[in-house]
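Read the structure below first, then the notes.
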Amino acid sequence: MKAQSRQRGRSFLIRLPYGEDLLLTLKRFCEENGITQGVLAVIGAVRRATVGYYDQEAHEYKANSFDQPMEIVSCIGNISLLEGEPFVHAHIVLADKEGRPAAAGHLMEGAIIFAGEAFVQELIGEPLVREFDEQTSLSLWPWLSKG
Amino acid sequence: MKAQSRQRGRSFLIRLPYGEDLLLTLKRFCEENGITQGVLAVIGAVRRATVGYYDQEAHEYKANSFDQPMEIVSCIGNISLLEGEPFVHAHIVLADKEGRPAAAGHLMEGAIIFAGEAFVQELIGEPLVREFDEQTSLSLWPWLSKG
Amino acid sequence: MKAQSRQRGRSFLIRLPYGEDLLLTLKRFCEENGITQGVLAVIGAVRRATVGYYDQEAHEYKANSFDQPMEIVSCIGNISLLEGEPFVHAHIVLADKEGRPAAAGHLMEGAIIFAGEAFVQELIGEPLVREFDEQTSLSLWPWLSKG
């Protein structure tokens, strides 16, 4: 389980645009700035959101939509390559107006930004590429390269 | 949407003081160590907490207080400048004794530390300054500088 | 409250193994790669999980088990030394198939990985060692070294 390490690239703190889709905005940011691997974290608020749950038996995502304003209390994830393009994989947690955690899951299209602040940390190293995994039917990274 | 990148400054792992206010402690840490931009993450536990929800219509924060001990299961955020001083913007998620997510929102004064461990990553670059945004009535960063 | 800073070491993005225990896997990864201090973040999914709540009066952990598949919507934490070995301290938030936050707390053994992606950022500096704290009965870091 000895793993290859990566170098740190550029660091970004960015304001996210009102009214835009959160996932698509993050993906576009990576494309426009040439980021192909890294990690990210977002806080802010959305006007509404859709979150995904991966059914571990059926091997498909179920989308759950929440049509209300909510705080983005956490949204963390990573960037790697899928079919040659930057792919953002992030999970999100949202809270309602009573201060209760109300929704959470895999970030899907449909989360509309009210306000948002993202930290993006680029990493540099051997390309990190997602490929189809038979056991889970997900697109995953290769196993750790030994030594 | 080409963005300016920042350099990484100092990294800190710190124990937070029992009985103190979480938000004020983080702010004081930044002041005393001259940190004007960066990101942070905290885990630990609180004796009680107050979390905020920003009303997207009324344009004001609503405070929700939870008067019970809880785990800090996530608290992530950033540091930038507001009116010339380091400003900590963080969102928090808290869990109760049954292991249920119980409270979440914008970190406000009123979260009293039982135990806490913070990671603070300083960033260095062009000053990152919050200014009033008419659309949301929030203090936000400037839009991405092009190129 | 002037604090010692640390340097950044290696950065890792790793795929976590299906069917293995999350906490033990993270600990083993640190051992096998010689990581004694740092921070980490994980997203993914589990087949089931056990989360801890620290009773602030009784000074003991209560374990809450959730025997259902869930998304790991957040799992953040740190690495330091306890009794000479790398010790992973992480808190986790999990969501159910309806997209609701369902479980959260201190990451204990018993969270079984379905799929997982971890970011590990090594830090380098003066050894960071946990020691028994009388006030909380927890193993905590020393107070900030002044200057």
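The values are calculated or read from the model by the stated rules, or taken from the named source; none is laboratory data. Here the structure is a predicted model, which is why all the values come from computation and not from measurement. Here Cβ is always computed from backbone atoms with ideal geometry, including for glycine, and neighbour counts include all displayed protein chains. Remember, those area values only see protein heavy atoms, side chains included, never the ligands or the DNA or RNA. Shrake-Rupley method; radii C 1.70, N 1.55, O 1.52, S 1.80 Å.
Here B:GLN135 meets the list (1) in a strand (DSSP E or B); (2) over 18 Å from the mean Cα position of the chain (by Cα) almost entirely, failing just condition (1). Being modelled with pLDDT of 95 or more, under 26 Å from B:ARG6 (Cβ atoms) and in contact with a strand residue (DSSP E or B) (Cβ under 9 Å, 6 or more places away or on another chain) is a description that applies to B:PHE132.
Would you check if there is a residue in region B:54-63 being in contact with a Ser or Thr (Cβ under 9 Å, 6 or more places away or on another chain), facing another protein chain (nearest Cβ under 7 Å), farther than 28 Å from A:ASP96 by Cβ and in contact (Cβ under 8 Å) with a residue 12 or more places away in the chain? Among the residues of region B:54-63, not one is in contact with a Ser or Thr (Cβ under 9 Å, 6 or more places away or on another chain), facing another protein chain (nearest Cβ under 7 Å), farther than 28 Å from A:ASP96 by Cβ and in contact (Cβ under 8 Å) with a residue 12 or more places away in the chain, which makes the answer no. Taken over region C:89-102, the criterion of being open to solvent by 10 Å² or more (accessible area, probe 1.4 Å) and more than 12 Å from A:GLY105 (Cβ to Cβ) is satisfied by C:HIS89 alone. The strands (runs of 3 or more DSSP E) found entirely in region A:1-78 that carry 3 or more residues being surrounded by 15 or more Cβ atoms within 10 Å (Cβ to Cβ) and out of contact with any Phe, Trp or Tyr (no Cβ under 8 Å at 6 or more places or on another chain) are A:7-16. Just wondering, is there one or more residues in region C:71-78 that are within 12 Å of chain B (Cβ to nearest Cβ) and either farther than 28 Å from A:SER80 by Cβ or over 16 Å from the mean Cα position of the chain (by Cα) (or both)? Within region C:71-78, not a single residue is within 12 Å of chain B (Cβ to nearest Cβ) and either farther than 28 Å from A:SER80 by Cβ or over 16 Å from the mean Cα position of the chain (by Cα) (or both).
Out of A:LEU81, A:LEU123, I need the residue that is facing another protein chain (nearest Cβ under 7 Å), more than 25 Å from B:LEU107 (Cα to Cα) and part of a strand (DSSP E or B). Which one? Going through A:LEU81, A:LEU123 in turn, just one is facing another protein chain (nearest Cβ under 7 Å), more than 25 Å from B:LEU107 (Cα to Cα) and part of a strand (DSSP E or B): A:LEU123. Taken together, the residues in region C:1-59 that are over 13 Å from the mean Cα position of the chain (by Cα), among the hydrophobic types (A, V, I, L, M, F, W, C) and at pLDDT 95 or above amount to 9. Tell me, yes or no, whether region A:29-43 has at least one residue that is in contact with an Asp or Glu (Cβ under 8 Å, 6 or more places away or on another chain), within 8 Å of another protein chain (Cβ to nearest Cβ) and under 21 Å from B:SER74 (Cα atoms). Within region A:29-43, one or more residues are in contact with an Asp or Glu (Cβ under 8 Å, 6 or more places away or on another chain), within 8 Å of another protein chain (Cβ to nearest Cβ) and under 21 Å from B:SER74 (Cα atoms). Using the structure shown, decide if A:GLY110 is more than 14 Å from chain B (Cβ to nearest Cβ), under 16 Å from the mean Cα position of the chain (by Cα) and over 25 Å from C:GLU20 (Cα atoms). The answer is yes for A:GLY110.
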